[in-house]
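Peer 1: Just dropping this structure here.
The values are calculated or read from the model by the stated rules, or taken from the named source; none is laboratory data. Everything numeric in this text was worked out from a predicted model, so none of it was measured. Reconstructed Cβ throughout: ideal geometry from the backbone, glycine too, with neighbour counts over all protein chains shown.
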Amino acid sequence: MRRWCLLLLALGCGDVDAVLELDLGLPADADRVAVVQARRGSVGFDDAWDASGSVAFPLSVAEARSVSVVSDGAYEEPLLVRVRYCSSAACDALGDERAPESRLRIERAFYLGERTFARWDIATVPTDSAPTADELGRCAVRGCRDGVAASYCRTDGTHFCE
């Protein structure tokens, strides 16, 4: 599976201090392209997002895709991820300004010096262009512990990466 890099800052994927590996389960829609973007929680879903750091995947078949989201140093802010279902990879075709989208809010995705992991499965292309965001709590973000666990937090609520 090929991994793509989404940047929260316009830097390379070279020296970084925190990365979230996000596995996406994308639905099939032969007429659309999935355009994936990520931003810190200080930018809302309804704010204007520029095209920087986006990656596009054809939706000819339902399949899993992986992206690496590189931190910009704001570790404790939520991470917002959206998948827009556009006609073009640049999401600039006629009608793409109203493209439906899926939204995900991750409570905490990054920890200094750590690589974390999350999965987001999207069953179908939504019909709404501004849906309610799916939520992924900090304890569902894998990291700093080997193996599969029901929770990646200690009993006191702190993440194993803290």
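Peer 1: Regarding segment 96-108, can at least one residue be identified that is touching a strand residue (DSSP E or B) at 6+ places or on another chain (Cβ under 9 Å) and at pLDDT below 90?
Peer 2: yes
Peer 1: Considering only segment 59-158, give the strands (runs of 3 or more DSSP E) lying wholly within it that have at least 2 residues that are touching a residue at least 40 places away in the same chain (Cβ under 8 Å) and on the phi < 0 side of the Ramachandran plot.
Peer 2: Strands (runs of 3 or more DSSP E) meeting the threshold: 63-70, 79-86, 101-106, 114-121.
Peer 1: What's the number of the only condition in (1) under 15 Å from Leu24 (Cα atoms); (2) β-branched (Val, Ile, Thr); (3) buried (at least 19 other Cβ atoms within 10 Å of the Cβ) that Val70 fails to meet?
Peer 2: (1)
Peer 1: OK, next. Identify, from the list Ala109, Ala99, Ala123, the residue that is over 29 Å from Glu162 (Cα atoms), of a type in the set (Gly, Ala, Ser) and buried (at least 18 other Cβ atoms within 10 Å of the Cβ).
Peer 2: Only one candidate passes the filter, namely Ala99.
Peer 1: May I ask you to list the residues in segment 20-41 that are under 23 Å from Glu107 (Cβ atoms), surrounded by fewer than 19 Cβ atoms within 10 Å (Cβ to Cβ) and either of a type in the set (Ser, Thr, Tyr) or modelled with pLDDT of 90 or more (or both)?
Peer 2: Within segment 20-41, Glu21, Asp23, Gly25 meet the criteria.
Peer 1: Would you mind stating whether Glu77 is touching a Gly at 6+ places or on another chain (Cβ under 7 Å) and either at pLDDT 90 or above or of a type outside the set (Gly, Ala, Ser) (or both)?
Peer 2: yes
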